[in-house]
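Q: Mind having a look at this structure? Questions to follow.
The values are calculated or read from the model by the stated rules, or taken from the named source; none is laboratory data. None of the values given here were measured: they were computed from a predicted structure. Cβ placement follows ideal geometry from the backbone for every residue including glycine, while neighbour counts extend to all protein chains displayed.
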Amino acid sequence: MRAPSGPDVAVGDVLLSVENVSLSFGGVKAVSDVSFDIRKGEIRAIIGPNGAGKTSMLNIINGFYQPQQGRITFKGQTRSKMRPHDAAHGGIARTFQNVALFRGMTALDNIMTGRTLKMHKNLFWQLLRFGPAMTEEVEHRHRVEEIIDFLKIQEIRRTPVGRLPYGLQKRVELGRALAMEPDLLLLDEPMAGMNLEEKEDMSRFVLDVNDHYGTTVALIEHDMGVVMDLSDRVVVLDHGIKIADGTPDEVKDNQGVIDAYLGVAH
Amino acid sequence: MFYREAGQYKTSYQADQALFPIRQDQIGIVLILAVAFILVPLMASTFVIDSVLIPVLIYSLAAIGLNLLTGYTGLLSLGTGGFMGVGAFACYKLATFFPGINVIVLIICSGFLAAAAGIVFGMPSLRIKGFYLAVATLASQFFLSWCFIRIPWLYNYNVSASIEVPTRTLFDIPITGPNATPVTRYLIVLTIVAVMTWLASNLIRGRIGRTWMAVRDMDIAAELIGIKLYPTKLLAFAVSSFYCGVAGAMLVFLWLGNAESESFSINQSFLILFMVIIGGLGSLLGSFFGAALIFGLPILLRMIRAALDLSMTSATLEHINFITLGILIIFFLIAEPAGLARLWQIGKQKLRVWPFPY
Amino acid sequence: MHLLYQIFIDPFVQMGSAPDLLVQTLWEGLVSGVLYALIALGFVLIFKASGVFNFAQGIMVVFAALTLVGLYAHGVPAFLALALTIGVMFVLALAIERFMLRPLVNQPDIILFMATFGLTYILIGFGELIFGGDPKIMIADQLLLPSGSYSVKMLGGFVQMQKIDIAAAIIASLMVAALAVFFQKTRIGRALRAVADSHRAALSVGISLEYIWVTVWFAAGIVALATGIMWGARSNVSFALEIIALKALPVLILGGFTSIPGAIVGGVIIGVGEKLGEFYWGPLLGSGIESWLAYVIALVFLLFRPQGLFGERIIERI
């Protein structure tokens, strides 16, 4: 069934586009010939039933998986393979389904690691610490504290993250991603495992990030209410293939999408 | 009650990130340094200084080196002894070639040579992880041990394959060789260890320490943040080997006075690893605790033997030492994997709320 | 130029000019390879079934041999001593399970690995304490193991093969075959594989971890005893064996940690490679390169195939 393409929602120019990307593991085809784009400043949702290849898609954008076919164009530069380092340098940050925080460190330190790419003082100054390295450290601490204020996690900044409840861990992880000052923020099921209140908090954070900092957001989410409320455009995957692409309203009424979620064989 | 920090507010990030932010800690460290630098030389016996304090300080430095690599960066290494040996033999050769240069400078230089060796033997860490990396470090240990025996140039072709330390001075006071007094050597060792510990703590609290810990905790996530894994790991190997090399050089030049290949064998590597495990992986303070415990254990056993008036040969005591070490390792791994450092923290916590239980 | 000749041409010329020596060296390599493989086998058993990387396997070999010889020295007849030693290994397995494995269940693998360091030191201490550190003679004759050697005339010279070595190779092969069948075909074997995958999951389907672990460490102890007997018969029983036993680690790297046939193949490669290296290239570098050559061989393999020849490639998911 031919996927309808969405009307021009001119939020901005295309920030990232994937073209004809395919990825397999051994015999399993995770993603087949998928193409879509993400425009600057928008909130793009990637949805689909379980096993649709959504996380794999994010991993490809991030540079964690290398697709066998296809290309990724980010900020005008086209690559067939994106390395994690290139992605990070280019301004792509992400959170993970299973919260990939550094368990041995405090919340503050975790978020500070997000500033790594922006800290440049070399080994010699780091050894001394007083002087330029300290100045740099304090400067970045300021920025990190802004993020901590934004996410309202002041009380837990010195707590080792392994001890935090799941919802707070997700917030810290979001903080770490924000610390990278990304142009594109990839969120993998940011609301998973949260109750209604936590979801509302997290939704507000996502909206604020998008409004306030102008960050483009791509998120994977299962909660349809959240998807409908938050996103500007939606892309739907099923069994590794793109089956719909458009505004939430368009996608909602798409028969193919409804079938996919209800498990109708096609 | 004694350790209450309530009421101590920091008004700048700089103050918040200081090494000893709590007033009690600040007083404590000043006291400790005063005791170490002033009281001990005046009051402690030569035996205590020469047979306990100097070696414990030196081993603590080696333990810090290993801790940086294994505790902070998560790269298990069984090659510590080898790198200490590189430092020792490098210092010996440098002292032979440059008799006029101050020996402390030479010790630092041998640290750099050990760091270079560390980088070379750390190169496999690009592709190899975990147990496999530990086995790769065994390769470096056995190879270096072999070099220390089979390359006669290293020990100046001495017939007994051992090295003897020449006399070197600082401001005309002999600090190495048979004429150097224990107090002199102790003060030099103490200064070097104190300075290098401070440098290590600076590294740990800053960007580099965080990248190391990130690589340890979840290297995939670290990569996605933009941390380059390979340079980070190599830097850990380099810095760690630097510390071990300096410790090795000090071991020979400022304590033993001589050395042979056996001083830097795999047994040494294990000993230092045990110090790090028992003291606490990922804790600089723990390195000192661990060194003190492991080094003090044979002395303690000897005292017990004397106190209980048991007749036991030294060999038997040595075997009991081994057994006790093994039991301690397993005990700590079960009861407190974060080692003595953690117990120390728990102790401080109790002090915080004393006399209340919690 | 001369150096290049020495490294790349000369050794092969030597090999060709005295083929009987070459075969002798190959045989020696094969024999030590089989013994390394036996030690590696013990590792694989324990790793396959409990996920623990048992660094103490080498010292278990020494300890078992010492116990056997020690009992005999106290007047216990050979085969009774053998039975008693088996009993001792059983008690050891029980103790290890009770005091080391059970308290550390569910801990990360690296913690268990470090615990086996502690176990190594305990066994070294006990061994030295009870039996003394001087080398002892293995009671091979009393155990009815063949002695003497065959002298085979071939390729212009003679090749000596010790009968005990042939026996060792046969016994090792039998053990490997038995273990391979055990793991693949039996119910207990499956349970062992389940436990290696996940302690928690195995518990939740009702597999008794204690029973499994004692079984497996006991089996590894038997393998260690057999290895100790074979090795002790060739070259006395002493703690030097422990360092030699560390060579099993490169074997495991080549063969993979979970593959029984891999242990054999890896052992042979390391054993032969080491002996050839020492004999033909050793004189170039000074003797004794056997102490590290095995590790370097393994290292080189690791750089190209981080999971070893037979190991499974781990795909990391996030």
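Q: Among the residues of segment B:48-96, count how many are farther than 16 Å from residue B:137 by Cα and among the hydroxyl-bearing types (Ser, Thr, Tyr).
A: Summing the residues that are farther than 16 Å from residue B:137 by Cα and among the hydroxyl-bearing types (Ser, Thr, Tyr) in segment B:48-96 gives 6.
Q: Any residue in segment C:235-258 that is polar (S, T, N, Q), free of Cβ contacts under 8 Å to residues at least 24 places away in the same chain and assigned to a helix (DSSP H, G or I)?
A: no
Q: Please give the strands (runs of 3 or more DSSP E) falling wholly within segment A:17-126 in which 3 or more residues are touching a residue at least 60 places away in the same chain (Cβ under 8 Å), under 25 Å from residue A:151 (Cα atoms) and more than 14 Å from chain B (Cβ to nearest Cβ).
A: Once the strands (runs of 3 or more DSSP E) in segment A:17-126 are filtered for at least 3 residues that are touching a residue at least 60 places away in the same chain (Cβ under 8 Å), under 25 Å from residue A:151 (Cα atoms) and more than 14 Å from chain B (Cβ to nearest Cβ), what remains is A:43-47.
Q: May I pose another question? Go over the candidates A:176, A:171 one by one and state the one that is touching a residue at least 12 places away in the same chain (Cβ under 8 Å), away from chain B (no Cβ under 14 Å) and charged (D, E, K, R).
A: Result of the check over A:176, A:171: A:171.
Q: Can you name every residue in segment C:242-259 that is surrounded by fewer than 24 Cβ atoms within 10 Å (Cβ to Cβ) and more than 12 Å from every other protein chain (Cβ to nearest Cβ)?
A: Listed by number, the residues that qualify are C:258, C:259.
Q: Still on this model: I'd like the full set of residues that are hydroxyl-bearing (Ser, Thr, Tyr) and at pLDDT 90 or above, limited to segment B:284-313.
A: Listed by number, the list holds a single entry, B:287.
Q: Whether any residue in segment B:204-224 is within 28 Å of residue B:142 (Cβ to Cβ) and of a type in the set (Phe, Trp, Tyr) is what I want to check.
A: yes
Q: Further question on the same structure: Looking at (1) touching a residue at least 24 places away in the same chain (Cβ under 8 Å); (2) more than 15 Å from the chain's Cα centre (by Cα), which one does residue B:146 not meet, given that it meets all the others?
A: Tallying (1) touching a residue at least 24 places away in the same chain (Cβ under 8 Å); (2) more than 15 Å from the chain's Cα centre (by Cα), residue B:146 fails exactly one: (1).
Q: Still on this structure, I have one more. Answer yes or no as to whether residue A:137 is more than 9 Å from chain B (Cβ to nearest Cβ), farther than 29 Å from residue C:108 by Cβ and either of a type in the set (Asp, Glu) or assigned to a helix (DSSP H, G or I) (or both).
A: Against the criterion (more than 9 Å from chain B (Cβ to nearest Cβ), farther than 29 Å from residue C:108 by Cβ and either of a type in the set (Asp, Glu) or assigned to a helix (DSSP H, G or I) (or both)), residue A:137 does not qualify.
A quick yes/no check of all residues on (1) modelled with pLDDT under 90; (2) within 19 Å of residue A:146 (Cα to Cα):
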| residue | (1), (2) |
| --- | --- |
| A:176 | no, yes |
| A:180 | no, yes |
| A:185 | no, yes |
| A:193 | yes, no |
| A:235 | no, no |
| A:259 | yes, no |
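Q: Under the condition of being among the charged types (D, E, K, R) and part of a strand (DSSP E or B), which residue from segment C:115-155 is farthest from residue B:333 (Cα to Cα)?
A: Looking at the filtered set, the residue picked out is C:153.
Q: Report whether or not residue B:288 is within 14 Å of chain C (Cβ to nearest Cβ) and closer than 25 Å to residue C:113 by Cα.
A: no
Q: Would a scan of segment C:106-127 turn up a residue that is in contact (Cβ under 8 Å) with a residue 12 or more places away in the chain, of a type in the set (Phe, Trp, Tyr) and more than 8 Å from chain B (Cβ to nearest Cβ)?
A: no
Q: In addition: Of everything in segment C:208-225, what is within 21 Å of residue C:180 (Cβ to Cβ), in contact with a Leu (Cβ under 9 Å, 6 or more places away or on another chain) and among the aliphatic types (A, V, I, L, M)? Give them in sequence order.
A: Result: C:212, C:216, C:219, C:220, C:223, C:224, C:225.
Q: If you check residue B:282 against the conditions, is it away from chain C (no Cβ under 12 Å), surrounded by 14 or more Cβ atoms within 10 Å (Cβ to Cβ) and not in a helix (DSSP H, G or I)?
A: Judged against the criteria, residue B:282 is a match.
Q: Can you tell me which of (1) away from chain B (no Cβ under 14 Å); (2) surrounded by 23 or more Cβ atoms within 10 Å (Cβ to Cβ); (3) within 13 Å of residue C:45 (Cβ to Cβ) is the one residue C:230 doesn't meet?
A: The single condition residue C:230 does not satisfy is (3).
Q: Among all residue pairs at least 6 apart or on different chains, which show Cβ distances below 8 Å where the first residue, located in segment C:47-66, is within 11 Å of another protein chain (Cβ to nearest Cβ) and in contact (Cβ under 8 Å) with a residue 60 or more places away in the chain and the second is among the hydrophobic types (A, V, I, L, M, F, W, C) and in a loop (DSSP other than H, G, I, E, B)?
A: From segment C:47-66, the pairs are C:47/C:53; C:47/C:257; C:53/C:257.
Q: Inside segment B:201-239, can you point out the residues that are of a type in the set (S, T, N, Q), at the interface with chain A (Cβ under 8 Å from one of its Cβ atoms) and farther than 22 Å from residue B:124 by Cβ?
A: B:202
Q: So, one more: Here is a list: B:18, B:63, B:36. Which entry is over 30 Å from residue C:111 (Cα atoms), of a type in the set (A, V, I, L, M) and part of a helix (DSSP H, G or I)?
A: That would be B:36, the only listed residue that is over 30 Å from residue C:111 (Cα atoms), of a type in the set (A, V, I, L, M) and part of a helix (DSSP H, G or I).
Q: Then there is this: From B:340, B:301, grab the single residue that is part of a helix (DSSP H, G or I), within 19 Å of residue C:130 (Cβ to Cβ), touching a residue at least 12 places away in the same chain (Cβ under 8 Å) and more than 10 Å from every other protein chain (Cβ to nearest Cβ).
A: On inspection, the qualifying residue turns out to be B:301.
Q: Go through segment C:1-104 and tell me which helices (runs of 4 or more DSSP H), entirely inside it, have 3 or more residues that are crowded, with 18+ Cβ neighbours inside 10 Å.
A: Ranges flagged: C:19-50, C:57-73, C:78-96.
Q: Just checking, how many residues over segment B:77-114 are surrounded by fewer than 24 Cβ atoms within 10 Å (Cβ to Cβ) and under 15 Å from residue B:234 (Cα atoms)?
A: Qualifying residue count for the region: 2.
Q: What do you reckon, is residue B:246 crowded, with 18+ Cβ neighbours inside 10 Å, at pLDDT 85 or above, away from every other protein chain (no Cβ under 11 Å) and more than 30 Å from residue B:210 (Cα to Cα)?
A: No: the conditions fail for residue B:246.
Q: Let me ask you something else. Name the single residue, out of those in segment B:251-275 being on the phi < 0 side of the Ramachandran plot and of a type in the set (Gly, Ala, Ser), that is modelled with the highest pLDDT.
A: For segment B:251-275, the residue satisfying everything is B:269.
Q: State which residue is farthest from residue A:104 (Cα to Cα) when the search covers only segment A:130-167 and only residues that are more than 20 Å from the chain's Cα centre (by Cα) and small (Gly, Ala, Ser).
A: By that ranking, first place goes to A:131.
Q: Moving to a separate point now. Tally time: how many residues in segment B:310-323 are in a helix (DSSP H, G or I) and over 21 Å from the mean Cα position of the chain (by Cα)?
A: 8
Q: Which one of the conditions (1) surrounded by fewer than 22 Cβ atoms within 10 Å (Cβ to Cβ); (2) within 13 Å of another protein chain (Cβ to nearest Cβ); (3) in a helix (DSSP H, G or I) does residue B:128 fail to meet, given that it meets all the rest?
A: Of everything listed in (1) surrounded by fewer than 22 Cβ atoms within 10 Å (Cβ to Cβ); (2) within 13 Å of another protein chain (Cβ to nearest Cβ); (3) in a helix (DSSP H, G or I), residue B:128 misses just condition (3).
Q: Report yes if residue B:185 is part of a helix (DSSP H, G or I), touching a residue at least 24 places away in the same chain (Cβ under 8 Å), facing chain A (nearest Cβ under 9 Å) and more than 16 Å from residue A:119 (Cα to Cα), otherwise no.
A: No; evaluated as a whole, the condition is false for this residue.
Q: For the condition modelled with pLDDT of 85 or more and under 29 Å from residue C:166 (Cβ atoms), what is the one hit in C:214, C:176, C:237, C:223?
A: C:223
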